[in-house]
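Each remark here refers to the structure printed beneath this line.
The values are calculated or read from the model by the stated rules, or taken from the named source; none is laboratory data. Just so you know, these numbers come straight off a predicted model, no measurement behind them. With ideal geometry, Cβ positions are generated from the backbone for all residues, glycine too; neighbour counts draw on all protein chains shown.
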Amino acid sequence: MNRLSIRVRLTLLYSAVFFVFGAIVVGVSYALVASLSTVVPPSSTSPGAVGAREGSERDMFFMEHPEAFIDYCRQIVDTTTDENLRRKCESAFREGVRAGAQSQRDITLSHLLQYSVITLVVVTLLAALAGWLVAGRVLRPVHQITAAAQAASEHNLSARVGLAGPHDELRELADTFDAMLARLEASFVSQRRFIANASHELRTPLAVMGASVDVVLAKPAPTADELLAMGRDVRMGVDQAEAVVGALLTLARNDHGLTVRDQVDLATATEDALDGVDRGDRVVHADFEPAVTTGDPVLLERLAANLIDNAVRYNVPGGQVWISTRVDDDQAVLEVANTGAVVQPERAGDLFKPFQRLHDGTTRDGLGLGLAIVASIASVHGGTVAAEPRPDGGLLITVSLPASRSALGAP
């Protein structure tokens, strides 16, 4: 039984249930018919009384009971005015009626049982065929899920069931399976992107360190100053590699969602981030209004720090930076704007992609991961981030996060 497919088992189960209930119906019908008593004329019935019936009823009775009709005719022929003979006629008449009724009852019950069993068998076979077809149709989504699971692999997780139709249990199962594949695909894509980005970005500091070491080791007697210079180059390369790895790890962790959900005031987090940024000769204009959201305090402070660092880094000497927080339409909003070079509108959206830089200078432009981390942190908090070029140069970056319901006075 365990080797049978679920379609066969459903068909057998459906057929068995149908047969059992059909047999119950047949048994109840047979018992009801069998319980009916045989109709026998009362003692007052006599040939004369029968003769007094309407012709159609009498003729029908005699057609159904020919033996009673023969006895009746014989008694009529032999009858005289003798009461004994009349009573014998009545007795013979009642016995004939009883025998005919019993015979008709037995025949009816026999035919009823025979036809009912034949009908039950035929209908059960038809029900089994219908059950086979219906089970195949019902289990079709399961086959689609199986095909999608077989098509999925580590290198191809794009297969989806995409089940249409009513929102029943099978549709829910297919949607859940599709969502699981989507999560797996995102996880593998994130892993591959992390490896590719790490290998690409770590190549430069490793190459710098390797070249510095090779130059010094190629000299027969390097001086102390040359060794110190090599050490500084190696130290710089290590710091750059650590920064790259730290940024990539932040992006990778964000792909797995939040693990901390505390109430955080963006005004406080941004002010703390501003205190830790080297402003240089930039003039900062701050307008902090309470803007409470829910999330990871460390990540939100990192978001603000990256925005401020980006505004200070991509600026002009003596440039200005505007920072503000507020609540707008149930959204906690952080805006950071700066002066600087003119940014083409079509390039503004690309700045949130990893390793996208405005200029070619790697030292000035940093790692190219700052705004990518900002977008990742905003997304994992259920928010959005947008960049808009300012007409006279620089950018206006707006981060919108869901405001805390308790801060809004919601129950």
Would you be able to say whether some residue in segment 352-363 is in the same structural domain as residue 280 (by TED's automatic domain parsing), at pLDDT below 85 and small (Gly, Ala, Ser)? yes
Across (1) hydrophobic (A, V, I, L, M, F, W, C); (2) surrounded by 14 or more Cβ atoms within 10 Å (Cβ to Cβ); (3) modelled with pLDDT under 80, residue 215 clears everything bar (3)
Quick test of your reading of the structure: residue 377 fulfils all but one of (1) surrounded by fewer than 22 Cβ atoms within 10 Å (Cβ to Cβ); (2) modelled with pLDDT under 90. Name the failing condition by number. (1)
Of the residues in segment 188-238, those that are assigned to a helix (DSSP H, G or I) and over 14 Å from residue 248 (Cα atoms) number 31
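Considering 136, 96, which residue is at pLDDT below 75 and assigned to a helix (DSSP H, G or I)? Give the steps one after another, and end with the answer.
On the way: 136 fails: at pLDDT below 75.
Criteria check complete, one pass: 96.
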Since residue 203 meets every condition but one in (1) surrounded by 14 or more Cβ atoms within 10 Å (Cβ to Cβ); (2) closer than 20 Å to residue 369 by Cβ; (3) free of Cβ contacts under 8 Å to residues at least 24 places away in the same chain, which condition does it not meet? (1)
